[in-house]
Structures are given as structure tokens and as C-alpha cells.
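The values are calculated or read from the model by the stated rules, or taken from the named source; none is laboratory data. Just so it is clear, the model here is predicted, and its values are computed rather than measured. All Cβ positions, even for glycine, are placed from backbone atoms using ideal geometry, and neighbour counts span all protein chains on display.
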Amino acid sequence: MTLGALPQTVEVRTLAAREVRLAGVLDPSRLLRFSAAIVAVKQPVVVKADFYRDEEGRYVVSVEVTADVQVTCQRCLGTLEQTVASSALLAVVWTDEQASQLPPRYEPLIAGAEIDFWEVVEDELLLALPSFSYHGDINCGAKTGVQALGAEVAAVSGSPEKDNPFDVLKALKGDLDK
Ligand SMILES: [Zn+2]
């Protein structure tokens with residue numbers, strides 16, 4: 001199935017009242033904050049969203065986002081492939097006060113008549129992006145870095161003997177042996 005482009009502006013309450021299901025793709029180069037947080041993204045972001053009203057009449061969006069991205073390895077500073085995926089249950093509210101009264105299963109989506117749905121998707125991607133990414137050992141180019149760290153540890157343990165607190169104990173023991 002080929003997915004069409006995800007609309008940017010949606011009337012979220014209208015879609016929820018009509019129980020609309022949206023599935024679409026989004027060009028990640030249009031998401032400037034997300035693009036800045038990663039190295040590159042080659043595939044379009046895939047978005048699925050179900051709009052509906054819950055038993056209490058709330059306007060709800062159940063949204064799933066998936067993106068295959070390249071991020072920086074924090075060990076070797078090379079790039080690695082990563083799939084960023086997130087799902088969220090958003091309840092549409094008008095105010096902060098309404099947001100604070102939502103049941104915990106919902107994340108608030110404070111919105112007027114229309115929302116920038118791309119921005120919602122971008123927020124979800126940024127939340128799902130791990131803050132610390134690194135290769136598995138095989139692909140990571142940081143082995144030399146680990147060796148350097150090992151050498152540093154060895155250098156510390158080889159510090160001059162006059163700084164060794166155990167020498168004081170040795171000297172005391174020497175006194176007792178006399
Ligand atoms: Zn690495």
C-alpha cells in the first residue's frame with residue numbers, strides 16, 4: 001500500500017467527531033527541529049492516526065509515528081542507523097487547566113479549531129529519540145578510544161609510591177617490628 005502525504009493542518013475535533021483514520025507519510029526535511037537532532041533520515045516518516053471521541057466525549061487522537069534515521073554514535077562519533085518509533089494517546093483540550101484534569105492515560109494536545117499535525121508528529125519523534133545512542137561493539141569505531149582509556153587507568157595506578165597511603169601503614173608496621 002502506498003501512503004499519501006500527511007496533511008499539515010487538520011481540524012482535529014471535526015476529524016474525531018467523524019472517526020477519521022489517517023495514514024500518511026511526511027517528508028522529514030520539513031521537520032526542522034527533528035532534522036537538527038539527527039544526522040540524516042533517508043525514508044519518509046510514517047504516521048498513522050485514529051481520531052475518535054471517548055466515552056466521556058473527549059476528542060482523542062491515537063497516533064503512531066515511525067522513522068528510520070541516522071544518529072551520531074556517542075562512543076565513536078560515527079553514524080548509526082536507528083528506528084525511532086512512538087505511539088501516544090492524545091486528548092484535545094482548549095486550556096492548560098483542562099489539560100491538568102485529564103486521566104493519566106492521555107497526553108494533552110492543547111488546540112484551537114485547527115492544529116499543525118506535522119508539529120504534533122515532530123514532538124512525538126523528538127520524545128522518542130534516545131538521548132544517548134551508540135553502536136554495538138562490532139560496528140563501533142571507538143575501540144581505540146577504549147584502549148586509550150585503559151592506558152589512562154594504568155597510568156593512574158602507577159602513580160609515585162610516596163603518594164600511596166599504604167606506605168604510611170608499612171612504615172608503622174616497620175616501627176612495630178623493631
Ligand atoms: Zn560507535
Q: Please work out if E124 is under 14 Å from V61 (Cβ atoms), outside any loop (DSSP other than H, G, I, E, B), touching a Ser or Thr at 6+ places or on another chain (Cβ under 7 Å) and more than 16 Å from the ligand (Cβ to nearest atom).
A: yes
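A quick yes/no check of all residues on (1) under 19 Å from R105 (Cβ atoms); (2) modelled with pLDDT under 95; (3) of a type in the set (S, T, Y):
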| position | (1), (2), (3) |
| --- | --- |
| G24 | no, no, no |
| S35 | no, yes, yes |
| K42 | no, yes, no |
| D50 | yes, no, no |
| V61 | yes, no, no |
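Residues are listed down the side, and each one gets a yes or a no for (1) farther than 18 Å from V20 by Cβ; (2) buried (at least 16 other Cβ atoms within 10 Å of the Cβ); (3) out of contact with any Leu (no Cβ under 8 Å at 6 or more places or on another chain); (4) not assigned by TED's automatic domain parsing to the domain that holds L22:
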site	(1), (2), (3), (4)
E55	yes, no, yes, no
T66	yes, yes, yes, no
V71	yes, yes, no, no
A91	no, yes, no, no
P104	yes, no, yes, no
P108	yes, yes, no, no
A111	no, yes, yes, no
I115	no, yes, no, no
I138	yes, no, yes, yes
**Q.** Top-ranked residue in region 17-60 [being closer than 14 Å to E122 by Cα and among the hydroxyl-bearing types (S, T, Y); ranked as nearest to the chain's Cα centre (by Cα)]
**A.** S35
Q. Q82 versus (1) within 16 Å of the ligand (Cβ to nearest atom); (2) more than 22 Å from A36 (Cβ to Cβ): which is the lone unmet condition?
A. (2)
Q) Which of the residues spanning region 8-60 are in contact (Cβ under 8 Å) with a residue 40 or more places away in the chain and in contact with a Gly (Cβ under 7 Å, 6 or more places away or on another chain)? A) V47
Q: Among residues belonging to region 61-79 that are farther than 25 Å from I138 by Cα and touching a residue at least 60 places away in the same chain (Cβ under 8 Å), point out the one that is nearest to the ligand (Cβ to nearest atom).
A: V65
